[in-house]
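S.K.: Submitted below is the structure of interest, expressed as structure tokens.
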Amino acid sequence: MAEVAPQKILHGQVALVTGAGRRIGRAIALKLAAEGARVVVHYGRSKDEANAVVAEIQNAGSEAFSLQADLTRQEDIARLFDEVERRCGGLDILVNNAGKFSPTPLPEASEDQWDSLLGSNVKAQFFCAQRAAPLLRRSGRGRIVNLASLGGLLAWPKYTAYCVSKAGVIMLTRCLARELAPEVTVNAIAPGTISFPDDAPEIAATFIRQAPLRRTGGPQDIADAVSYLVHAGFVTGQVLVVDAGRSIPS
């Protein structure tokens with residue numbers, strides 16, 4: 001049986017995906033493009049990877065372009081959204097995907113590590129939402145999807161700063177959902193372990209032992225969750241946990 005082409009249900013809409021050159025961000029960008037959105041592929045330092053994503057989207061018949069910005073700097077964020085508005089005329093979807101993950105064992109953690117994780121994971125999402133809000137409200141169908149983490153719901157020893165940052169994303173999501181309603185919906189996704197070929201196998205093995213579905217996720221699982229929240233007009237302020245059941249209390 002021939003494969004059925006995806007419906008272009010996002011035709012005419014503009015989506016900005018931060019950190020879209022690699023890993024989960026790449027999968028999200030490809031998913032939204034396949035549904036018809038014009039995709040802005042943001043990157044920080046992964047220029048070649050971002051341009052490869054743009055080429056893949058264009059080769060599939062959709063529109064995309066890449067933009068660079070350091071999302072820990074407000075002036076870069078302002079420049080990013082000004083350029084999106086200039087080139088696209090507006091914005092319908094913001095996916096706050098970019099972030100950092102690293103351990104911070106209490107005895108060795110530094111102020112720079114703390115600032116880096118909180119800046120990349122919470123500050124960046126807040127100020128991206130701030131700049132996006134007028135465009136999304138003007139759209140009449142605005143959506144923000146924030147990438148949180150299972151670490152924002154569970155306490156992970158030696159990853160305190162990361163967990164705190166992702167817990168902050170969850171509360172940021174709820175606050176923004178209140179503030180931007182009714183014009184814009186704001187939701188978050190909390191992924192469990194998502195496997196990539198270059199990941200350490202012991203991380204996946206630990207997760208698999210603890211997850212009822214006995215497997216890790218793939219980037220497409222998160223891209224599908226983003227797609228759901230983009231289309232869900234009656235859902236806001238929620239955290240969609242995509243973790244094979246890992247967070248179910250025992």
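Bear in mind these aren't lab numbers, they're just calculated from the coordinates by the rules spelled out. This structure is a prediction, so every number in the text was calculated from the model and none was measured. Cβ coordinates were reconstructed from backbone atoms using ideal geometry, including for glycine residues, and neighbour counts include every protein chain displayed.
S.K.: What's the lysine pair count for the chain at a Cα cut-off below 25 Å, pairs eight or more apart or interchain?
M.R.: Within the chain, the lysine pair count is 12.
S.K.: According to the square roots a ≥ b ≥ c of the eigenvalues of the Cα gyration tensor, what is the shape class of region 171-250, taking rounded for a/c under 1.5, prolate for a/b larger than b/c otherwise, and oblate for the remainder?
M.R.: Prolate is the answer for region 171-250, as a/c is 1.5 or above and a/b outweighs b/c.
S.K.: What list do you get for His42, His231 if you sort them by fewest beta carbons within 10 Å?
M.R.: His231, His42
S.K.: Next question. Just name one of Thr173, Ile24, Gln113: the one whose Cα is farthest towards the positive end of the charge dipole of the chain (beta-carbon charges, Lys/Arg +1, Asp/Glu -1).
M.R.: Farthest towards the positive end: Thr173.
S.K.: Also, I was wondering about something else. When Tyr43, Tyr159 are ordered from fewest to most other Cβ atoms inside 10 Å of their Cβ, what list results?
M.R.: Ascending number of Cβ neighbours within 10 Å: Tyr159, Tyr43.
S.K.: Per the helix-only calculation at 222 nm, which mean residue ellipticity applies to the chain, given -39500 (n - 2.57) for every DSSP H run of n ≥ 4 and division by its residues, nearest 500 deg cm²/dmol?
M.R.: Helices in the chain give a 222 nm mean residue ellipticity of -14000 deg cm²/dmol.
S.K.: A further question on this structure: Starting from the alpha-carbon convex hull of the chain, give the projected area averaged over all orientations, in nm². Spell out each step's value before the answer.
M.R.: Values: hull surface 57.8 nm².
Over every viewing direction, the Cα hull of the chain projects on average to 14.4 nm².
S.K.: Write down the Å³ per residue value for the convex hull defined by the alpha carbon atoms of region 93-132.
M.R.: 53 Å³
S.K.: What angle, in degrees between 0 and 90 and rounded to the nearest 10, separates the Cα long axis of helix 219-231 from the longest principal axis of the Cα atoms of the chain?
M.R.: 50 degrees
S.K.: Another question about this same structure. How tilted is helix 160-180 with respect to the longest principal axis of the chain? Cα atoms for both, answer in degrees (0 to 90, nearest 10).
M.R.: The two axes meet at around 40 degrees.
S.K.: Place a +1 charge on the Cβ of each Lys and Arg in the chain and a -1 charge on the Cβ of each Asp and Glu, then give the dipole magnitude about the Cα centre in debye, rounded to the nearest 20.
M.R.: Working: 27 positive and 25 negative charges, 100 e Å.
So the magnitude is around 480 debye.
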